[in-house]
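First up is the structure itself, then whatever we jot down about it.
The values are calculated or read from the model by the stated rules, or taken from the named source; none is laboratory data. Predicted model, so just to flag it, every value in this text is computed and none were measured. Neighbour counts are summed over all protein chains in view; Cβ atoms, including those assigned to glycine, are modelled from backbone coordinates with ideal geometry.
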Amino acid sequence: MFNRNIKPEKFKDAETVIGASIKVKGNFNGQGNIIIEGILEGSLKTDANIFIGEKAKVVANIEANDLIIHGDVRGNLKVKNYLSLGATAKINGDIQFGTLSVEKGAVINGQLSSNGEVGKKEAKESEKAKLSDEE
Amino acid sequence: MHVYIYDDYLNRGRYNKTVNRMEIRLTDLGLNGKIIRLSGIKNIRGTIQNEIKLGAKTIVAVGNNQTVNKIIGAIIEADIYGDFQKNTLLGIVPIGPDNSIASSFGIKNEEQACNILLARRIKKIDLGLIGSYYFLNEARIESLGTKINFADYSIEAQERGEIRIINLLSDRSNTIKSNPHDGLLDILIKTKKGGETLLRAKNFSLINERYNLLLDGVVEVKTPNEVKVVSNRINVIVGKDRSFD
């Protein structure tokens, strides 16, 4: 409970890991899950999920399916599904998300907006359920 | 036809018994063939390519990683013998230390190697290529001062450690799973404080002004240099206990 940097199970076999002593510059486009513990400057994009560790420093716009942040991020975030901000997260930038979880202590400087994807999905599912009930 | 390439160091007295034992076993199994001793040969590549041209179907490196590295380029780079090289197989009989390549193929010693040559289990695998030098297992370089440039981004390590560019791991006990059929190289960076970094890529360039790359533990290559993977480039004879599927 007190270890905030525990990675979710899905990151244990991450395709790409950037360690704490590594600096990445440029447009980093991955395909699988990505873990960032070091420094990244540029942009960061994947169709899968990204985990940003407590000591990581990211100056980049980020696009991902799920995004878990415990470090320092300067840039706009575009998260299709789930965004989680840990207690040590510092965000300077606008955020677009599906669903959002913010732990006490997280700092956000920017605008928050929901992309409505999750809402749309839920509405579709409840509509389907209604239709099948009627039938 | 089998052609056996004996490395220089096998002339030393301490390897006589092992070599004799191997030769007897090969004869028993009906696998004897032409023997070429590398000592005294200046143009190794030309000699091996000539054997391929004359119809050698299997080139067997008798020695260690260095022996394999010496002959691998000759087997696959002979474009003028394109029709012949398609059928050329690489076999290994490990003798002495520094035999991680043989280990990755599941070959532990000379006796087992003879049985594996007889069983003729064939796998097609990728090769790493740095400049004009091929490697089967991995290339290593100091991490501090090394910059790796990919098409859209670059990475640099901020402290001392080691960068390993892996095509095929020599054992299964490692934390990463390398696959010599996936058309990718694994880049593993381990630093003292910074933990592990893992990336996969087809091609990139690498520069370190102070240190050289070491390929398969035997060949030193200067940087800057281009690094790439050559997919399914060589047919190898492997054992059941190999480190890949």
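Things to note:
- Test: residue in the stretch B:202-211 that is under 20 Å from the mean Cα position of the chain (by Cα), surrounded by fewer than 17 Cβ atoms within 10 Å (Cβ to Cβ) and assigned by TED's automatic domain parsing to the domain that holds B:LYS177: yes
- Meets criteria (of a type outside the set (S, T, N, Q), in contact with a strand residue (DSSP E or B) (Cβ under 7 Å, 6 or more places away or on another chain), at pLDDT 95 or above and closer than 21 Å to A:LYS12 by Cα) for A:GLY86: yes
- The residue that is surrounded by the most Cβ atoms within 10 Å (Cβ to Cβ), counting only those in the stretch B:150-167 that are within 25 Å of the chain's Cα centre (by Cα) and facing chain A (nearest Cβ under 9 Å), is B:GLY161.
- Any hit, the stretch A:32-41, residues being more than 16 Å from the chain's Cα centre (by Cα) and assigned to a strand (DSSP E or B): yes
- Filtered by the rule that a residue be at pLDDT 95 or above and among the β-branched types (Val, Ile, Thr), the stretch B:198-220 gives a lone residue, B:ILE207.
- Qualifying residue in the stretch A:91-114 (condition: assigned to a strand (DSSP E or B), within 12 Å of chain B (Cβ to nearest Cβ), at pLDDT 95 or above and within 29 Å of B:PHE150 (Cα to Cα)): no
- B:SER178 fulfils the conditions (1) over 21 Å from the mean Cα position of the chain (by Cα); (2) modelled with pLDDT under 95; (3) more than 9 Å from chain A (Cβ to nearest Cβ) except for a single criterion, (1).
- Within the stretch B:13-47, the set of residues being over 25 Å from the mean Cα position of the chain (by Cα) and not in a helix (DSSP H, G or I) comprises B:LEU29, B:GLY30.
So that you can scan it fast, the table gives a plain yes or no per residue for (1) touching a residue at least 60 places away in the same chain (Cβ under 8 Å); (2) over 13 Å from B:GLU142 (Cβ atoms); (3) assigned to a loop (DSSP other than H, G, I, E, B):
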{"position": "B:PRO180", "(1), (2), (3)": "yes, yes, yes"}
{"position": "B:GLY183", "(1), (2), (3)": "no, yes, yes"}
{"position": "B:ASP186", "(1), (2), (3)": "no, yes, no"}
{"position": "B:THR197", "(1), (2), (3)": "no, yes, no"}
{"position": "B:LEU206", "(1), (2), (3)": "yes, no, no"}
{"position": "B:TYR211", "(1), (2), (3)": "yes, no, yes"}
{"position": "B:LEU214", "(1), (2), (3)": "yes, no, no"}
{"position": "B:VAL227", "(1), (2), (3)": "yes, yes, no"}
{"position": "B:VAL230", "(1), (2), (3)": "yes, yes, no"}
